[in-house]
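First comes the structure, then the notes that go with it.
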Amino acid sequence: MRARSIVWAFLLFFGVVCSAAQRGTGGSSSGDEFVGVWSGTWEGAGGSGGFELTLETSKDSGVAGKVSVTGEPTYKASFKSLSFEGKKMNAKYDFPPNEADAEVVLAASFDGNDAKGTWSLRTKADGNEVAAGTWSVRKK
């Protein structure tokens, strides 16, 4: 009887440890902890400018996002895809004004109130990279 109690106690302890490990920081996340407005700069392809990232809670898909870019070029765009893996974000949006021809691919890592990442402008026809650079933002 005592051995059975020890086995059940061990199984309970093991279950709690496994459950806590699954909720660790390395797993998937919905991105809710990054919701807000993030402001900073971008550079690359011979240019630079301002970069504002807005992440919002969406009733349809969890978190939605958009960017506002200043410099050359200046534009606003909404993400067509957005995903989070822990503190890493991946997103895509159509590149204005030629939305049918090109898209921008973003990747970033979040660290507290800061995020840093890369951008890549790619043609939709073949996925070739046309231009690339970096960006960094701080939560407002």
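The values are calculated or read from the model by the stated rules, or taken from the named source; none is laboratory data. The structure presented is a predicted model; accordingly, all values stated were derived computationally and were not measured. For neighbour counting, all protein chains shown are included, and Cβ atoms are generated from backbone atoms with ideal geometry for every residue, glycine included. We work out accessible area using only protein heavy atoms, side chains counted, and drop any ligands, DNA or RNA first. Shrake-Rupley method; radii C 1.70, N 1.55, O 1.52, S 1.80 Å.
What does the extension gain come out to for Tyr75 and Val37, with contour length at 0.36 nm per residue minus their alpha carbon separation?
Net length gain for the segment: 12.0 nm.
Give, as a single signed number, the net charge of other residues whose beta carbon lies under 10 Å from the beta carbon of Val67, with Lys and Arg counted +1 and Asp and Glu -1.
Around Val67, the charge tally is +1.
Can you sort Val130, Val137 by solvent-accessible area, 1.4 Å probe, largest first?
Heavy-atom accessible area, descending, gives Val130, Val137.
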